[in-house]
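The values are calculated or read from the model by the stated rules, or taken from the named source; none is laboratory data. Computed from a predicted structure; not experimentally measured. All Cβ positions, glycine included, derive from the backbone under ideal geometry; neighbour counts span all protein chains shown.
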Amino acid sequence: MTSERDRRRELRDAYKAGVKRDEWDVLGIGREQLDDLLAHLEEKLGETGCDHSLRHSRDWADSRGEPWSELEQGLQASGGGCDCEVLANVDPDEQL
């Protein structure tokens, strides 16, 4: 028999899982691609710093054949208005 507390926990967990799926859908790339993008940004920002653009993110997308306009929208919707914000804010698995 499931207690009311367990039922609420299950509902909360299901809600969080749905939100996480939605965030990944908005982003438009998967875990491996995001990890690769973040590693790229760590390297490039360590060399040049952030110029408050998505220049390095776009370079990454172009070099891997990712459609930039879709990725740009996903990054911005996920809190990444520039390369350093992508690095700091964009990871659906770290949300909630």
query: Any idea how many residues of the range 85-96 are touching a residue at least 40 places away in the same chain (Cβ under 8 Å) and either in contact with a strand residue (DSSP E or B) (Cβ under 7 Å, 6 or more places away or on another chain) or assigned to a helix (DSSP H, G or I) (or both)?
result: 4
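So which residues in the range 37-84 are among the small types (Gly, Ala, Ser), farther than 19 Å from ASP25 by Cα and in a helix (DSSP H, G or I)?
ALA39, GLY46, SER63
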query: Of GLU23, GLU10, which residue is modelled with pLDDT under 95, crowded, with 16+ Cβ neighbours inside 10 Å and in a helix (DSSP H, G or I)?
result: GLU23
statement: Matching residues in the range 33-75 (small (Gly, Ala, Ser) and buried (at least 16 other Cβ atoms within 10 Å of the Cβ)) number 3
